[in-house]
Amino acid sequence: MEIQLTDFENAAFTSFVVLLTRVILTFDLNLYIPISRVDANMQRAHSRNAAAKGKFFFRRHMAPLEEGDDGYCVKYSSMFARAANGENVSRTSSKNEDDEVDENGVSKQRRKAPFAPGSIEENSYEEMTMTEIMTGKGDYFPGLIPLVQAYLDYINCDSITRRRIDQYLDLIQKRATGQLVTPATWIRNFVRNHEDYQNDSVVSDEIAYDLMIACKKIGEGTLHVPELLGDLIVDPITTAGAWDVKLDSKRVQNDHLLDLLRRYSSRKAFSSEADSV
């Protein structure tokens, strides 16, 4: 993942990656594809406008299959398919022995579920656009963003955090669908539309300087680029209220240390956790 121009974008993608790891572990998902297809995805990602127009190999069935589908048949029944079709999701009681995990953290459902054998492992994955990977495809692949949203519901995410994460997910979704351009596309358009560019693939010092100034202004929030950030307004970054604090290595007195610890240990967040232990 390339570094973005603003703190908001970097926070969005970083938060999304962390949440996705929680989704994989909590929902017992399988995203494995052959390493050769991972290499192919890396090659395709370098193509121009790959995020909006490219296709990448991705696993078709992330959840354990419930009936005799080997990952390739047209007709299948899976947890995601039942949810998408409005069927009753709770076929058994809330306490299901299939949810129990072994010493490796793998559920019994994962162990006994049918899967694509080695001879037809290529049928367990297919080509998808970034829009399909992020928002879903058919009734068998729900998409990564809906899965993250489902996880946030599962953990009862507080409303303040949820509003911020929804902004992050909205940005990522618009980038995936092509509603917003990626930084690579924006940089390419900036160079091509610069008055000094001669359509000769030469980026002069003047063009490079103007590009860096524009990137700096975007990162500081003084330049708004709708095709890159949409309606998002980045708060300007200023030095107002900031000060330099040197890292001091001088030993602190014990009384001062105990006073600092007492101040934080008396916080409500810490005391409530201690009561629950």
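Bear in mind these aren't lab numbers, they're just calculated from the coordinates by the rules spelled out. Here the structure is a predicted model, which means the values were calculated and not measured. Cβ coordinates were reconstructed from backbone atoms using ideal geometry, including for glycine residues, and neighbour counts include every protein chain displayed.
Below is a table of values for the structure above.
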read-out	value
Overall form of the range 120-263 per C-alpha gyration tensor (a/c, 1.5; a/b vs b/c)	oblate
When each of Lys174/Lys217; Lys55/Lys216; Lys137/Lys174; Lys53/Lys217 is checked by Cα-Cα distance, pairs over 24 Å	Lys55/Lys216; Lys53/Lys217
Charge tally in the Cβ shell below 10 Å around Met130, where Lys, Arg are +1 and Asp, Glu are -1, Met130 excluded	+2
Total formal charge among the other residues, if their Cβ is under 11 angstrom from that of Phe13, Lys/Arg +1 and Asp/Glu -1	-1
Ordering of 26-36, 128-138 by burial proxy (mean other Cβ atoms within 10 Å per residue, highest first)	128-138, 26-36
Counted charge near Gly230, where neighbours are those whose Cβ lies closer than 15 Å (Asp, Glu -1; Lys, Arg +1)	-3
